[in-house]
């Protein structure tokens, strides 16, 4: 008797954390639907590596998640390509630094569209194809729970995603589990491009060091594997949220 291969959608798969999660799932035998916006070359290289290991195990989908029309087009393409899904990981996000004086209606709408609206639309659009026992994992942020200076729109979008995650967990139970991870200081200055901010965060982090991609991958794997966890936001922040 053969076991059917599980299928996962990962948005922002060419971003650092998305790629690390994709690699871990592929190593575990998952087939992957990988999304990107502009990083089509990086995504192509990732698919080439995956399909070189296991033919037909990865397919790419390009979309600007700020555009409702693009999200709908991607949902249609995903639905036509895959009969069912076992996991949706909403990783794609934007991280605008803005003081109150810098906030424009366009920036607000773009941030909310990518960080909140698109994950909800993808869950809604693919709901009929989610297998019983499937999971949704939203990449939230510890700064959706505690404030980060000059990131009011970003923090608000992630706070809303946290509440959406908990609400969906109630609405979709018991057939589908919905959880979130809330990273703190994970990546190095080369990845964040903001040495001062990272230094400040590390001084406030009890463990005093970066978490690294492995910490996020382990959290995602835990949320996938534990069938009795839903509606939870797992902080992966080295204790930053309690400092």
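Observations on the structure shown:
Results for (1) modelled with pLDDT under 95; (2) crowded, with 16+ Cβ neighbours inside 10 Å; (3) closer than 24 Å to residue 67 by Cβ; (4) within 16 Å of the chain's Cα centre (by Cα), shown as yes or no for each residue.
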site: 116; (1), (2), (3), (4): no, yes, yes, yes
site: 132; (1), (2), (3), (4): no, no, no, no
site: 174; (1), (2), (3), (4): no, no, no, no
site: 200; (1), (2), (3), (4): yes, no, no, no
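- Residue list for the range 52-75, restricted to those being touching a residue at least 24 places away in the same chain (Cβ under 8 Å), within 30 Å of residue 108 (Cβ to Cβ) and assigned to a helix (DSSP H, G or I): 68, 71, 72, 74, 75
- Applying the criterion of being part of a helix (DSSP H, G or I) and touching a helix residue (DSSP H, G or I) at 6+ places or on another chain (Cβ under 9 Å) to the residues of the range 227-243, the residue that is nearest to residue 169 (Cα to Cα) is 241.
- Considering the range 140-170, the residues that are in contact (Cβ under 8 Å) with a residue 24 or more places away in the chain, touching a helix residue (DSSP H, G or I) at 6+ places or on another chain (Cβ under 7 Å) and not in a helix (DSSP H, G or I) include one that is surrounded by the most Cβ atoms within 10 Å (Cβ to Cβ), namely 140.
- The one condition from (1) touching a helix residue (DSSP H, G or I) at 6+ places or on another chain (Cβ under 7 Å); (2) buried (at least 17 other Cβ atoms within 10 Å of the Cβ); (3) within 21 Å of residue 22 (Cα to Cα) that residue 224 does not meet is (1).
- Against the criterion of being in contact with a strand residue (DSSP E or B) (Cβ under 6 Å, 6 or more places away or on another chain), buried (at least 16 other Cβ atoms within 10 Å of the Cβ) and under 25 Å from residue 110 (Cα atoms), residue 186 does not qualify.
The values are calculated or read from the model by the stated rules, or taken from the named source; none is laboratory data. Keep in mind the model is a prediction, meaning the values are calculated, not measured. Using ideal geometry, Cβ is built from the backbone for each residue, glycine included, and neighbour counts are taken over all protein chains shown.
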